[in-house]
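The values are calculated or read from the model by the stated rules, or taken from the named source; none is laboratory data. The structure displayed is predicted, hence computed values, not measured ones. Neighbour counts are summed over all protein chains in view; Cβ atoms, including those assigned to glycine, are modelled from backbone coordinates with ideal geometry. Heavy atoms of the whole protein, side chains included, go into the accessibility calculation; ligands, DNA and RNA do not. Shrake-Rupley method; radii C 1.70, N 1.55, O 1.52, S 1.80 Å.
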Amino acid sequence: MKKIILLLLGIGTISAIPDAATFTGKIQYRYSFTDLQGNDITDKAAPLLGREQHYFVSDSNYKSYDETNTITQLYNSRSNTYFGFWKDKTASRIDALTRTSQQYKVTRLNKKEKILGYDCVAIQVETDNTSTIYYYSPRLRIDYKAYAKHNFGEWNNYLETTRGALSLKYIITNPQKGYVWTVLAEKITAMKLNARAFEFPQGYELRN
């Protein structure tokens, strides 16, 4: 899940979710991009990175689709396997034990935002190539223990830091590639998702 600019918050709709319950359902995010000087480059970056993420998550698995309803990623905790999908109907399989950064430095920030009715706090995470600010609410969370072996993308580190709280906004700065990528939640929908919802999709082949 990662990504800028000061955006209007509190847009969209939200289903009622009990405070004590862990979340299962869908979060719809919108992307925007700038260069490092703050110039909007969304139209240039979107053909490669997309404009939206439709993120389905449970206490064991997750998957994402873009704005064209094309699957982009899938994770299965039972096998600890991550799949990334390509436009040619192929998929890459990655052992989620794979580490993608040698460092993971967390700084708690004195920043707060209300997003979709949730009071969010912020942390900043420094990895080898990026700096990301995450806004999250403890009221919207999953059971992070099921993702303990998900090293890929440092997802297990993030979830352990937030005690399973999902981010409703995140801002990724990548100096090497020259962009700032903002991901902002627009809609949250609680729904039941069983294991079949996270099976490898038909019509795709694994790359060698």
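Please go through segment 37-62 and pick out each residue that is part of a loop (DSSP other than H, G, I, E, B) and of a type outside the set (D, E, K, R).
Gln37, Gly38, Asn39, Ile41, Gly50, Ser58, Ser60
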Under the condition of being open to solvent by less than 50 Å² (accessible area, probe 1.4 Å), in contact with a Ser or Thr (Cβ under 6 Å, 6 or more places away or on another chain) and closer than 18 Å to Ser60 by Cα, which residue from segment 128-150 is modelled with the lowest pLDDT? Ala146
Scan of segment 73-95 for residues that are within 24 Å of Lys145 (Cα to Cα) and of a type in the set (S, T, N, Q), ordered by number: Gln73, Asn76, Ser77, Ser79, Asn80, Thr81
Looking at segment 94-208, what strands (runs of 3 or more DSSP E) fall wholly within it and have at least 2 residues that are touching a Gly at 6+ places or on another chain (Cβ under 6 Å) and over 23 Å from Leu49 (Cβ atoms)? 179-190
Looking at the structure I just gave you, is Thr68 farther than 24 Å from Gly203 by Cβ, under 18 Å from the mean Cα position of the chain (by Cα) and part of a loop (DSSP other than H, G, I, E, B)? no
Picking from Val125, Val183, which residue would you name as being under 25 Å from Asn76 (Cβ atoms), at pLDDT 95 or above, under 13 Å from the mean Cα position of the chain (by Cα) and aliphatic (A, V, I, L, M)? Val183
Across segment 61-103, the tally of residues that are at positive phi and open to solvent by 50 Å² or more (accessible area, probe 1.4 Å) stands at 2
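With respect to Tyr170, determine if the residue is touching a Phe, Trp or Tyr at 6+ places or on another chain (Cβ under 8 Å), open to solvent by less than 10 Å² (accessible area, probe 1.4 Å) and within 23 Å of Arg93 (Cβ to Cβ).
Taking the combined requirement at face value, the residue does not satisfy it.
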